[in-house]
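The values are calculated or read from the model by the stated rules, or taken from the named source; none is laboratory data. Since we're looking at a predicted model, the values are computed, not measured. Don't worry about glycine lacking a Cβ; one is built from the backbone with ideal geometry, like all the others, and counts go over all protein chains shown. For the accessible areas, the whole protein counts, side chains as well, though only heavy atoms, and no ligand, DNA or RNA atoms are used. Shrake-Rupley method; radii C 1.70, N 1.55, O 1.52, S 1.80 Å.
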Amino acid sequence: MDATTLAAGWAALAATVADELTAWRQAHPRATLAEIETAVQQGLSRLQARYLTDLVAASPSADLAATPSAARPTCPQCGGALQARGRHPRRLLTPGQAAPLTLTRSYAVCSACGAGLFPPG
């Protein structure tokens with residue numbers, strides 16, 4: 001995905017979140033600072049999830065099959081070579097994210113010990 005496409009998607013979501021926050025504030029004119037903060041954090045969480053998902057997908061290491069064998073990460077258990085076994089969705093909860101992200105990532109199997117993993121990390 002190119003930078004222009006990413007930026008356009010992010011701008012569209014940011015505009016939607018801004019509109020939603022404006023409407024929420026109008027509907028809650030007596031909201032406390034804590035309530036406003038919660039509404040803002042929910043909107044920012046959606047933006048953060050989109051940024052993370054898009055940037056992970058744009059990484060050259062997101063597709064192990066397209067990575068030359070010599071440049072692939074090795075098995076963290078034994079150091080063996082990893083073989084691509086397709087791309088699969090995986091739900092991850094990062095420390096800064098309120099809800100799990102669903103990322104489509106390469107799945108790999110170690111040719112030496114048979115361990116399966118979603119590289120990198």
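The order of D2, D54, D19 by accessible area, most exposed first and with a 1.4 Å probe, is D19, D2, D54. Per residue, the convex hull spanned by the alpha carbons of region 33-110 comes to 93 Å³. When region 49-121 is described by a simple charge dipole with +1 on each Lys and Arg Cβ and -1 on each Asp and Glu Cβ, the residue from T74, L93, A62 located farthest towards its positive end is L93. Amide H contacts under 5 Å for L101: L92, L93, T94, restricted to partners 5 or more places along the chain or on a different chain, H placed in the peptide plane at 1.01 Å from N. In the chain, helical runs assigned H by DSSP with n ≥ 4 each contribute -39500 (n - 2.57); averaged across all residues and rounded to the nearest 500, the mean residue ellipticity at 222 nm is -14500 deg cm²/dmol. Candidates L47, G9, L117 compared by Cα position along the dipole of the chain: farthest toward the positive end lies L117, with charges placed on Cβ. Between 0 and 90 degrees, rounded to the nearest ten: what's the tilt of helix 3-27 against the longest Cα principal axis of the chain? Approximately 30 degrees, to the nearest 10. Each other residue within a Cβ distance under 13 Å of V109 adds +1 if Lys or Arg and -1 if Asp or Glu, for a net charge of +2. Here r is the Cβ-Cβ distance between Q42 and L92 and R0 is 22 Å; the resulting FRET efficiency, rounded to 0.05, is 0.70. For region 67-76, putting each phi into the Karplus relation 6.51 cos²θ - 1.76 cosθ + 1.60 with θ = phi - 60° gives couplings of 8, x, 3, 5, 9, 6, x, 9, 4, x Hz, in residue order, rounded to whole numbers and with x for Gly and Pro. The length gained by stretching the chain between T32 and A81 to full extension, at 0.36 nm per residue less their Cα-Cα distance, is 12.1 nm.
Enter the angle in degrees (range 0 to 90, nearest 10) between the Cα long axis of helix 33-57 and the first principal axis of the Cα atoms of the chain, meaning the one along which they spread out most. Tilt relative to the chain: about 30 degrees.
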